[in-house]
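Below: one structure, written as structure tokens.
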Amino acid sequence: MKAVRTVTGRVAILDRPNVDTDQIIPKQFLKRIEPTGYGDVLFFDWRYDETGQPRPGFALNDPAFAGAKVLLAGRNFGCGSSREHAAWALSDYGFDVVIAPSFGDIFRTNAGKTGLVAIVLRDDEVKALMESVDLDRGSDVTVDLEACTVTAPDGRVIGFEFDESTRFRLLRGLDDIDLTLEHEDEIEMYEAMHPSPLDTGAL
């Protein structure tokens, strides 16, 4: 998992409430278990028409949002099922950060475990960020996870709160295995003091 400290880049807007994980990554793309290869099918049913052509009215097909690293979303983003694929798909597309007034709890947990920064801001702050984006030429924002701030296109700096344990792992790029290996010496010491019955011949 890559470390995330500061992200500066283009912002995209998906101003819809209750975007669930089925919409983020539809069920027909869940046969694979590796965390890559989902970027092209992110928001598939909204992004493409019945012939597979991009829908011109959908946000990710807007040239002003091309190459976006930050997604501004509506409340309760990532609700629904617990699939990790939703966070994988957003990351694989190129998003490092999602900002919304609220998230589905399981999605937010999955995001932190896969290197995607999910930031909660008040609804009025998210709306103000959306309104500061140049919809014709696009705009950039800066997210500083060390300082816990978002710098808007108009220069305003907005602070945010963030779970400290998730922030620790994101800043250092630690997945669950890496977190366990942080205590490798203690684990080896414990195993030496508590040998398995197989090792001692007790079984």
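The values are calculated or read from the model by the stated rules, or taken from the named source; none is laboratory data. Computed from a prediction, not measured in an experiment: that's the story for all the values here. Heads up, the Cβs are rebuilt from the backbone with ideal geometry, glycines too, and the neighbour counts pull from every protein chain shown. Areas reflect the complete protein model, heavy atoms only, side chains present, ligands, DNA and RNA absent. Shrake-Rupley method; radii C 1.70, N 1.55, O 1.52, S 1.80 Å.
Figures for the structure shown
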read-out: Residues of the stretch 62-84 classified as open to solvent by 40 Å² or more (accessible area, probe 1.4 Å) and either modelled with pLDDT of 95 or more or farther than 18 Å from Arg16 by Cβ (or both), total; value: 10
read-out: The stretch 94-129, residues that are of a type in the set (Asp, Glu) and outside any helix (DSSP H, G or I); value: Asp96
read-out: Filtered residue count, the stretch 133-161, keeping only those that are outside any loop (DSSP other than H, G, I, E, B), surrounded by fewer than 18 Cβ atoms within 10 Å (Cβ to Cβ) and not hydroxyl-bearing (Ser, Thr, Tyr); value: 4
read-out: Residue check, Ser91 touching a residue at least 40 places away in the same chain (Cβ under 8 Å) and assigned to a helix (DSSP H, G or I); value: yes
read-out: Every residue from the stretch 2-29 that is part of a helix (DSSP H, G or I), open to solvent by less than 10 Å² (accessible area, probe 1.4 Å) and of a type outside the set (A, V, I, L, M); value: Thr21
read-out: Members of the stretch 30-60 that are part of a helix (DSSP H, G or I) and either among the aromatic types (Phe, Trp, Tyr) or open to solvent by 40 Å² or more (accessible area, probe 1.4 Å) (or both); value: Asp40, Phe44, Asp45, Trp46
read-out: Residues of the stretch 177-196 classified as at pLDDT 65 or above and open to solvent by less than 100 Å² (accessible area, probe 1.4 Å), total; value: 4
read-out: Selected residue (criterion: most open to solvent (accessible area, probe 1.4 Å)) from residues of the stretch 113-132 that are at pLDDT 95 or above and of a type in the set (Lys, Arg); value: Arg122
read-out: Residue list for the stretch 135-161, restricted to those being within 17 Å of Ala100 (Cβ to Cβ), in contact (Cβ under 8 Å) with a residue 24 or more places away in the chain and not charged (D, E, K, R); value: Val141, Val143, Leu145, Val150, Ala152, Ile158, Phe160
read-out: Positions within the stretch 92-112 being open to solvent by less than 40 Å² (accessible area, probe 1.4 Å) and within 19 Å of Arg10 (Cα to Cα), in sequence order; value: Gly94, Phe95, Asp96, Val97, Val98, Ile99, Ala100
